[in-house]
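One structure is given here, and the rest of the page talks about it.
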Amino acid sequence: MPKKIALAYSGGLDTSCIIPWLVETYACEVVAVVGDVGQGDAELEGIEAKAKKSGASSCHVVDLKREFIEDYVFPTVIAGSVYEGRYLLGMLLLHRGAKEDGKRELQEVLGLATAKGNRLVAEDAREALASA
């Protein structure tokens, strides 16, 4: 039985391209986890089909709106949490929500960042699969 990995999936280029790479490189099953934090139906439309077309075995859209606002957005805004002097820590918060959903049945959860964070994807994947 192949290892199963949950991926915090946005439907963008980075997360769509990493799915087949993970499957091919690590002979694993990838489950896409999408955090619905209120981005709207247009943003989520077709995301499950896109994840499966990219090679995910399944895609779970998790309603994280209330938890996201109460437990993460309010404290982040109150604290003024930003990086590089201008970006709110929103993606980090989404990855936390996806990890909570994936804990039930999956061996590891991977999250991707944009810009500088992408160079760490291969290292994160190797570490995740080595610890499974």
Is one or more of the residues making up the range 24-40 of a type in the set (Asp, Glu), touching a strand residue (DSSP E or B) at 6+ places or on another chain (Cβ under 9 Å) and either under 21 Å from residue 64 (Cα atoms) or in a loop (DSSP other than H, G, I, E, B) (or both)? yes
Spot the failing condition for residue 48; the list is (1) closer than 24 Å to residue 67 by Cβ; (2) part of a loop (DSSP other than H, G, I, E, B); (3) at pLDDT 95 or above, and only one is missed. (2)
Go through (1) at pLDDT below 60; (2) surrounded by 15 or more Cβ atoms within 10 Å (Cβ to Cβ); (3) over 17 Å from residue 5 (Cβ atoms) and name the single condition residue 37 misses. (1)
Filter the range 1-15 for residues that are surrounded by 13 or more Cβ atoms within 10 Å (Cβ to Cβ) and over 11 Å from the mean Cα position of the chain (by Cα); which is nearest to residue 57 (Cα to Cα)? 4
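The values are calculated or read from the model by the stated rules, or taken from the named source; none is laboratory data. This is a predicted model, so every value here is computed, not measured. Positions of Cβ are generated from backbone atoms using ideal geometry, with glycine treated the same way; all protein chains shown enter the neighbour counts.
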